[in-house]
1. Are there trypsin sites (Lys or Arg not before Pro) in segment 87-133 that DSSP puts in a loop and that have at most 15 other Cβ atoms within 10 Å, and which ones?
2. If neighbour count is taken as other Cβ atoms inside 10 Å, put E37, E152 in order from fewest to most.
3. Got a sec to turn the phi values of segment 60-75 into Karplus ³J(HN,Hα) couplings, 6.51 cos²θ - 1.76 cosθ + 1.60 with θ = phi - 60°, whole Hz, x for Gly and Pro?
4. What length, rounded to one decimal in nm, is gained on full extension from D115 through to A24, with 0.36 nm per residue of separation minus their alpha-carbon distance?
5. Quick one: how many lysine pairs in segment 27-174 have C-alpha atoms under 20 angstrom apart, if they're 8 or more apart or on different chains?
6. Using only the alpha-carbon atoms of segment 2-162 as identical scatterers, what base-10 log of I(q)/I(0) does the Debye formula give at q = 0.12, 0.14, 0.16, 0.20 Å⁻¹?
7. Determine the gain in length on full extension of the stretch R104-Y58; use 0.36 nm per residue of separation and subtract their C-alpha separation, reporting nm with one decimal.
Amino acid sequence: MKTTFQSLAIAATITMGAATLNAAPAPDFNLRNLQGERVNLKNLLTNGPVLLDFWATYCKPCVKAMPKLQKIHEKYGKSGLTVLGINVDGPRGQNRVKPFLRARKVNFPIVLDSDSAVMRRMQVNVLPTTLLITPDGEIALRQVGYNSKNAEVLLTAVEALFPEPGNDGANADASADQ
């Protein structure tokens, strides 16, 4: 599966330019969610891959990406994918986050990076930036910005982690031989 991820990420880098492979492990973090509970990456990875999305309420491309992230959360959350939004509005903007999410019917987990320390440690310089992290902690895909092509590449990478039963190439080849 890791090879599939790497192939997808490399193909995305060649065709998109905005998606890149980063072989370095993702640094762990410990942030508070909207309920005040601590969330850290290491614990999330015990359940499966993690999709991190760095965003802010004032970022128009971030707002456009939210419905696609919500759909990924709804489709793959029960299969083990954690979609986690990392809000970087800062201390003054945090009171806008809950109403913002409610108005857009976003219900995947959100944590607050009020001082942008995690954003810096993850080398995020543009919003939105989305990272797909494998269960072993490797960043498989890094997307900077948002557009429909990025959304397709991200969805393809996520789908590669959770192939539907019976849709693998081996079955297709076996039936073709009969």
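Quick note: the coordinates plus some simple rules give every number you see, no bench work behind them. Model, not experiment: these values are computed from the prediction. Every residue, glycine among them, receives a Cβ derived from its backbone with ideal geometry; neighbour counts consider all protein chains shown.
1. Values: sites: R92, R96, R102, R104, K105, R120, R121; in loops: R92, R104, K105.
Sites meeting the loop and neighbour criteria: R92, R104, K105.
2. Working: E37 10, E152 13.
In increasing order of surrounding Cβ atoms, one gets E37, E152.
3. Per-residue couplings from phi come out as 4, x, 4, 5, 5, 6, 3, x, 5, 5, 4, 5, 5, 4, 5, 7 Hz.
4. Numbers: separation 91, 0.36 × 91 = 32.76 nm, distance 2.33 nm.
Fully extending the segment from D115 to A24 adds 30.4 nm.
5. Lysine pairs meeting the criterion: 20.
6. -0.45, -0.63, -0.85, -1.41
7. Values: separation 46, 0.36 × 46 = 16.56 nm, distance 1.40 nm.
Answer, rounded to one decimal: 15.2 nm.
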